[in-house]
Amino acid sequence: MPKTLLLHPLMVNEGTIQPADVLIENDKIAEIRNAGSEWGSTTGINVIDAKGLYLFPGIIDSHVHFREPGNIHKGDLKTESMAAVAGGVTSIMEMPNTQPPVTTLHRLEEKFLLAGQKCLANHSFYFGTDGKNMSDIILLDPKTCCGLKIYLGTTTGGLALHNKKQIREIFERCPVMIAAHCEDDELVQINLQSAIEKFGENIPFHQHAVIRSEEVCFISTKFAVELARESNAKLMVMHLSTEKELSLFENQSPLDRKKILSEVCVHHLWYDDSGYEKLNGKLKCNPSVKDEHHKYALRNALKNGTIDIVSTDHAPHTISEKQKNYSDCPSGLPLIQHSFNMMLCLWKEGIVTLEQIAEKMCHHPATCFNIFNRGFIRKNYFADLVLVDLKQDTIVKQEDILYKCDWSPLENSTLTGKIMMTYVNGNLVFREGKIQTGKTGKPLLFIR
């Protein structure tokens, strides 16, 4: 692989923005110098004039559903990773609620083998649990498996776990981080029955925020947080969606010492329940998009450090599935191709800084999950990098969408920034609207 020299980009990294020159050699960052440094002969080096562009570490999305195996009519490891790198995402961690679910070590191994053939991004996979696979859970390798996903509420995939004895044992014995989907099924069913009695079979989609309410999330999140404290487990509560849940988390401890962590997804920062009128089932997701005061509370918690990371919960379904009535419409949004742009829009509005975007989407995922040599622009780290032009906008057009499901709730929106180049392990995988290579990413490694 020829060396690549990125000249004069504005490097957004570790709390600063400064002009720099970055040399890529093989799969690593070989040198970082002040912009305009003398490099001597550049014969045989691919020199990129990146003046005026911003250089970020590659985005690490620790919460995606790529649907393979079992639902490859919705998406697969190749199509969704193509969309990922087009959006500046260079590493993904994928969920276990596929068909069949990843609840055995053999299925986990098969998933890694499949990704090695198809996934353009670096990757790891969560292990799932049905409460009956403790003998496999205790054998998980902390150096290769990103975490264990536990569904404390019913959602896509049928892995919901309600037996508190089994849940407690998992929290006490699991050797990897526990990532929890927190919604209280009992209250969901009560709220759903009330909606059926009121609306019959034609429940309007805005009722999703009532059925999967703030209290639905808070009850389950409180249970998970308290159990993690009792058992000394490392816990990541996924996709916070309510103001009330925020009271369960703190922002005083150093990130590398925190054991109770939190994630917000871009759609809960972006949308509120007014969006159901236009998008209907396209906005249906679990946990639900709720009243706008929750959106603003989540944005504030992101800024003050209460929320640790930003992900997508990228979850494609076909457009025909999303056009069904409320009860039959599956939950989930495809977002990974534009999640970085969505955060850049929040920067343009003055809600977050560029440094905070790098922190929440690159640095903190690497720190929370103890990822080896990724998430920062540092010498000898893997060359996972994205160049973005903040003077240009991206118009989300249906013909440019790379998801297999072929739609986005953002269609016809104008978003801040244009992704110019994405490098994965030093390979240029995306450039100005085009995938450049079929070379696959590497399995993520964890320092644990």
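How much length would be gained if the chain were fully extended between LEU445 and GLU25, taking 0.36 nm per residue of separation minus their Cα-Cα distance, in nm to one decimal? Can you show the working numbers first?
On the way: separation 420, 0.36 × 420 = 151.20 nm, distance 2.03 nm.
Once the chain is fully extended between LEU445 and GLU25, it gains 149.2 nm.
Averaging 1/r over each pair of different alpha-carbon atoms in region 338-424 and inverting the result gives 14.4 Å, the Kirkwood hydrodynamic radius. The angle between the Cα long axis of helix 77-86 and the main principal axis of the chain comes to about 60°, on a 0 to 90 degree scale.
Between 0 and 90 degrees, the angle of helix 185-199 with respect to the longest Cα principal axis of the chain falls at about 70 degrees.
Under unit Cβ charges (Lys, Arg +1; Asp, Glu -1), what dipole magnitude, rounded to 20 debye, does the chain have relative to its Cα centre?
Details: 49 positive and 54 negative charges, 172 e Å.
In total the dipole reaches around 820 debye.
Among the trypsin sites (Lys or Arg not before Pro) found in region 45-111, those both in a DSSP coil and sparsely packed, with 14 or fewer other Cβ atoms within 10 Å of their Cβ, are LYS51. With a simple spin-label model that places each label point 7 Å from the Cα along the Cα-to-Cβ direction, the separation between THR104 and LYS391 comes to 5.7 nm. In a DSSP loop and with at most 16 other Cβ atoms within 10 Å, the GluC sites (Glu not before Pro) in region 378-448 are GLU411, GLU432.
Compared with the alpha-carbon gap, the fully stretched path from SER274 to ASN163 is longer by 36.4 nm at 0.36 nm per residue. For the chain, find the longest principal axis of its Cα atoms and tell me its angle to the long axis of helix 214-231, 0 to 90°, nearest 10. For 214-231 against the chain, the angle is about 70 degrees. In region 265-337 the Cα-Cα distances spread across 10 Å bins starting at 0 as 19, 49, 25, 6, 0 percent of all pairs. Taking H as built 1.01 Å from N, whose amide H comes closer than 5 Å to the amide H of ALA160, not counting residues under 5 places away? Here the answer is THR155, since their amide H atoms fall under 5 Å of that of ALA160.
Considering all alpha-carbon pairs of the chain, what whole percent are spaced by more than 37 angstrom? Every Cα pair in the chain considered, those over 37 Å come to 20 percent. Annotation: lysines with alpha-carbon distance below 21 angstrom to LYS404 (same-chain offsets under eight excluded): LYS74, LYS78, LYS111, LYS118, LYS282, LYS284, LYS322, LYS324, LYS434, LYS439.
Across region 55-72, coupling constants 3J(HN,Hα) worked out from phi with the 6.51/-1.76/1.60 Karplus curve, θ = phi - 60°, read 9, 10, x, x, 5, 10, 9, 8, 8, 9, 10, 9, 6, 10, x, x, 10, 6 Hz, and Gly and Pro carry x. Straight-line reach from LYS164: taking Cα to Cα under 16 Å and skipping same-chain neighbours fewer than 8 places apart, the aspartates and glutamates in range are ASP130, GLU172, GLU183, ASP184, ASP185, GLU186, GLU226, GLU230.
Within 10 Å, Cβ to Cβ, of SER37, how many net charges do the neighbouring residues add up to if Lys/Arg are +1 and Asp/Glu are -1? So the surrounding residues net to -2.
Using the beta-carbon distance between GLN323 and LYS143 and R0 = 25 Å, what value does 1/(1 + (r/R0)^6) give for FRET efficiency, to the nearest 0.05? Working shown, then result.
Values: r = 43 Å, r/R0 = 1.74.
Between GLN323 and LYS143 the formula returns 0.05.
Taking GluC sites (Glu not before Pro) across region 345-383, the ones in a DSSP loop with at most 10 further Cβ atoms lying within 10 angstrom of their Cβ are GLU349.
Hey, with R₀ at 60 Å, roughly what FRET efficiency would ILE190 and SER37 work out to, going by the Cβ-Cβ distance, to 0.05? So, using R0 = 60 Å, E works out to roughly 0.40. Neighbours of LYS118 by Cβ distance under 14 Å: Lys/Arg scored +1, Asp/Glu scored -1, total +1.
The numbers here are math on the coordinates, done by the rules we state, and not lab data. Just so it is clear, the model here is predicted, and its values are computed rather than measured. Glycine gets a Cβ as well: all are built from the backbone with ideal geometry, and neighbour counts include every protein chain shown.
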